[in-house]
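Here the structure is laid out as structure tokens; the discussion comes afterwards.
Every number here is computed from the coordinates shown, using simple stated rules; none is lab data. Everything numeric here is computed off the predicted structure, so don't read it as measured data. Cβ sites come from the backbone with ideal geometry, for glycine too, and all protein chains shown count toward neighbours.
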Amino acid sequence: MRPCSPACEWPPMPKPEAPDPEWLARGAAHVWLPYSQMKRAAPALAVARTRGSRIYLADGRELIDGIASWWTACHGYNHPHIAQAARAQLELMPHVMFGGLAHEPAYTLAERLSALLPGDLERVFFTESGSVAVEVAIKMALQYWMNRGVAGRRKLLAFRGAYHGDTFATMAVCDPEEGMHALFKGALAEHVIADLPRDTAGEGVLRGLLAAHSHELAAIIVEPLVQGAGGMLFHDAEVLRRLRRLADEFGLLLIFDEIFTGFGRTGAMFACDAAGVVPDIVTLSKALTGGTLPLAATVARRHVFDAFWSDDPAHALMHGPTYMGNALACAAANASLDLFEREPRLEQAARISEMLKEGLEPCRGLPGVKDARVLGAIGVVEFEREPDRRALQQRLIERGVWVRPFGRIVYLTPALTIGERDLTALTGAVRDALSAGGRDP
Ligand SMILES: *Cc1c(COP(=O)(O)O)cnc(C)c1O
């Protein structure tokens, strides 16, 4: 455990910005927003500052944050320990190229991630985003077979409901509809898409599919325990044990995309721990730096790395992002791991889980609600039909919370450090906004 410096306290809050900042209107004509029909998108809210589980808007309003910025800010915003580590690293060396130059933050982080992950998941390849970490995992899996002299294994087995990123290689392993396979047909690699083996019958179906396709498959890729951005769909650990058995039976690599589940979100440090399954490759990102800087990692087991260990230069993994192993981001990630070591994050996740169950369970009775479910520090309310998202979001903001509905769900993935009062306010606001929706004309 690394010592906490005496400066590990919240810094004073800066003064709020102008209520209607000029940069917002001027820049809005030049910014292209994510996942938005720009013609109809609600204007983005101007944020002046953040702290803990609070978002302070430029107009003076304060929102309780229910999703920790796509579940990255697991220790809350502006954690002083991470801020201090990043400041110190910024002074020393923000970045040097990773080709030929080494630095302590990345080498220490690689060692710490290896120690945290189960089995011999021990070789870490750093990138800057989740999608690229998955691309690297796919590249590793395909080349693993080539390097071993096995031809023709160029496809993956992926699952309906999956989300693995927005780049072309990753879209191809997403859910066919959500991943826009039809829209980009011809431009996307074609893989084998299956249903998760949720029971022994499902295992039988998948075994049949694998028997037909295993000669052309390099790996199975799955988000363990939770299919996140595909709709927050949960499955139990037995599904992952089935996948491990089937991968072994057919001699395939097994990739766990833990970009969503990693770092305590499901209640265990990693979903693979909870399942007692050691995949061959794991991808990490999202909460890796505690929501401060972009960083991702693809971690391989020894036998995967060994397939690249050779006197033949053609057997090398030809990948190297410009900002690979960014020292600033790695320093932030090390500080985030310090916090997991010395603060009771998993106990906090368990408490959040109980409170989410209590707080969201009553949503089941509301009109239009199909399901309410909780796993670890993830709470989900699913509707029968896609709601008027803009109106729902507006009602949530009016109730002082930041929650972003998508598709047929609203979900809560708060910081693991959120206070009980804030969490109670969050679930109360969700219940209230949903029942108010029932009264809308
Ligand atoms: C967010 C996410 C990704 C993509 O990460 P980006 O950093 O947005 O590219 C991939 N897989 C899973 C499971 C994710 O949740």
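General remarks:
- Nearest-20 debye value, the stretch 82-342 charge dipole, Cβ charges on Lys, Arg, Asp, Glu: 160
- Counted over the stretch 82-342, the DSSP beta bridges are approximately 50% antiparallel.
- Adding -39500 (n - 2.57) for every DSSP H run of four residues or longer, then dividing by how many residues the chain holds, sets the calculated 222 nm ellipticity at -11000 deg cm²/dmol.
- Within the chain, antiparallel bridges make up roughly 65 percent of the DSSP beta bridges whose residues both belong there.
- Order of PHE263, PHE383 under a 10 Å beta carbon neighbour criterion, fewest first: PHE383, PHE263
- Residue among PHE270, LEU116, GLN393 farthest towards the positive dipole end of the chain, charges placed on Cβ: GLN393
- Formal net charge of residues neighbouring ARG154 (Cβ-Cβ distance under 13 Å; K, R +1; D, E -1): +1
- Environment charge at PRO11 (Cβ cut-off 12 Å; Lys +1, Arg +1, Asp -1, Glu -1): +2
- When you count the other C-beta atoms within 10 angstrom of each residue and take the mean per peptide, 278-291, 421-434 line up highest first as 278-291, 421-434.
- A simple count of charges around LEU183, restricted to other residues whose Cβ falls under 15 Å of its Cβ and scoring Lys, Arg +1 and Asp, Glu -1, yields -4.
- One way to sum up the overall shape of the chain is the equivalent ellipsoid from its Cα gyration tensor, whose semi-axes run 35, 28, 21 Å, largest first.
- For the stretch 290-441, Kirkwood radius (reciprocal of mean inverse C-alpha pair distance, Å): 18.6
- Put simply, when 346-352, 205-211 are sorted by average Cβ atoms within 10 angstrom per residue, most first, you get 346-352, 205-211.
- Positive-end ranking of LEU328, ALA85, SER310 along the dipole of the stretch 82-342, with charges on Cβ about the Cα centre, is headed by SER310.
- Only Cα pairs under 8 Å and 6+ residues apart enter the sum, and on that basis the relative contact order of the stretch 89-238 stands at 21 percent.
- Around the amide H of GLY230, modelled in the peptide plane, lie the amide H atoms of TYR163, all under 5 Å away and 5 or more residues distant in sequence or on another chain.
- Residue-by-residue Karplus 3J(HN,Hα) for the stretch 417-430, coefficients 6.51, -1.76, 1.60, Hz, glycine and proline x: 9, 4, x, 4, 4, 5, 5, 4, 5, 4, 5, x, 5, 5
- Distant-in-sequence amide H partners of PHE98 (H built 1.01 Å from N, under 5 Å): MET324
- Amide hydrogen neighbours beyond the local backbone of THR127, cut-off 5 Å, H modeled: ALA296, ALA297, THR298, GLY325
- Each Lys and Arg Cβ is given +1 and each Asp and Glu Cβ -1; about its Cα centre, the chain then shows a dipole of about 620 debye.
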